[in-house]
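Student: Here it is, the structure, as C-alpha cells.
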Amino acid sequence: MAHFPVLRITIFPDGREWITGRLMPKDLTERQNYGISASLTTSDLSRCLPSHKTGNYLSAWLAKANAQKLDAQEAILVDAAGNWLETSTGNLWGWRDGSWWTPPMIAGILPGVVRSQLVNWLRVQQQQVREEPWTPELVEGFEAIAYTNSVVEIVPIHTVILPIGQLEYDPYHSSLQQLRKFFIAL
C-alpha cells in the first residue's frame, strides 16, 4: 500500500495468494469529468470463461491495446452477434427511455462487484434498471453511456469508434449524476 493506491488480491483454490499493485490513471479526474472515447472490438477478443474471474485478462489487454492504436482510451468487447458486453476494464451502463440499461450476466460479462451493488442501489432509489443484450440497434438510441469499476468509479464515454463510423454520446448528461451519487454514498 505504501507504493500503490490500488491492490488486487487473487486467492487461488489451493489457498495461495497473489497480491499486485497498480497506480491510478493519471488523468482519472479528466476522464470522469469529460469522458473518453472507446473502440469496438471483434468477437474473438471476448473474455475466456467470463463467469469466473480467472486472472486471464489477455483478451481484454489486447483489445485495449488495439483501442489505444486508434487513440481511444477503452475497448468495448462484443459477442459473436455484435452485442456489446463490457469494456476491457469495467461494466457498461446506458441511459435511454428514462431507464438505466446494462448487459445481462447471461451475455457473458464478468460479474462485477460494483455492477451488482449499483443495480441494487438504483432499484432502491426507484430507478428502473434493464438488464438486456446491447444489440447494435439498441446502442444507437442511448443518450449517454459510461463504464464503472471499483477503481475508476464512473467514466462517461462520449465517442465509440466502430469499424465504419462512430457513435456519439453526451458525457455531461444529467442522468450520469445518479451514478455518481452511488459512489458518493459509499
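The values are calculated or read from the model by the stated rules, or taken from the named source; none is laboratory data. Predicted model, so just to flag it, every value in this text is computed and none were measured. As a convention, Cβ positions derive from the backbone with ideal geometry for all residues, glycine included, and neighbour counts pool all protein chains shown.
Student: Which of the residues spanning the stretch 84-126 are in contact with a strand residue (DSSP E or B) (Cβ under 6 Å, 6 or more places away or on another chain), polar (S, T, N, Q) and surrounded by fewer than 19 Cβ atoms within 10 Å (Cβ to Cβ)?
Tutor: Of everything in the stretch 84-126, just one residue is in contact with a strand residue (DSSP E or B) (Cβ under 6 Å, 6 or more places away or on another chain), polar (S, T, N, Q) and surrounded by fewer than 19 Cβ atoms within 10 Å (Cβ to Cβ), namely Ser99.
Student: Sticking with this one: Identify the single condition in (1) over 17 Å from Thr148 (Cα atoms); (2) at pLDDT 90 or above that Leu85 does not satisfy, given that it satisfies every other one.
Tutor: Condition (1) is where Leu85 drops out.
Student: Another one. In the stretch 65-105, what residues are assigned to a strand (DSSP E or B), in contact with a helix residue (DSSP H, G or I) (Cβ under 8 Å, 6 or more places away or on another chain) and either farther than 18 Å from Leu162 by Cβ or charged (D, E, K, R) (or both)?
Tutor: Within the stretch 65-105, Glu74, Asn91, Trp93, Trp95, Arg96, Trp100, Trp101, Thr102 qualify.
Student: Something else now. Condition first: part of a loop (DSSP other than H, G, I, E, B) and either of a type in the set (Ser, Thr, Tyr) or in contact with a Phe, Trp or Tyr (Cβ under 8 Å, 6 or more places away or on another chain) (or both). Now tell me which residues in the stretch 21-34 satisfy that.
Tutor: Leu23
Student: Scan the stretch 8-17 residue by residue and report those that are within 24 Å of the chain's Cα centre (by Cα) and either on the phi > 0 side of the Ramachandran plot or free of Cβ contacts under 8 Å to residues at least 24 places away in the same chain (or both).
Tutor: Passing the criteria: Arg8, Ile9, Ile11.
Each row is one residue, and each column tells you yes or no for (1) more than 17 Å from the chain's Cα centre (by Cα); (2) under 22 Å from Pro25 (Cβ atoms); (3) of a type outside the set (Phe, Trp, Tyr).
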site: Thr89; (1), (2), (3): no, yes, yes
site: Val119; (1), (2), (3): no, no, yes
site: Pro133; (1), (2), (3): no, no, yes
site: Thr159; (1), (2), (3): no, yes, yes
site: Leu186; (1), (2), (3): yes, yes, yes
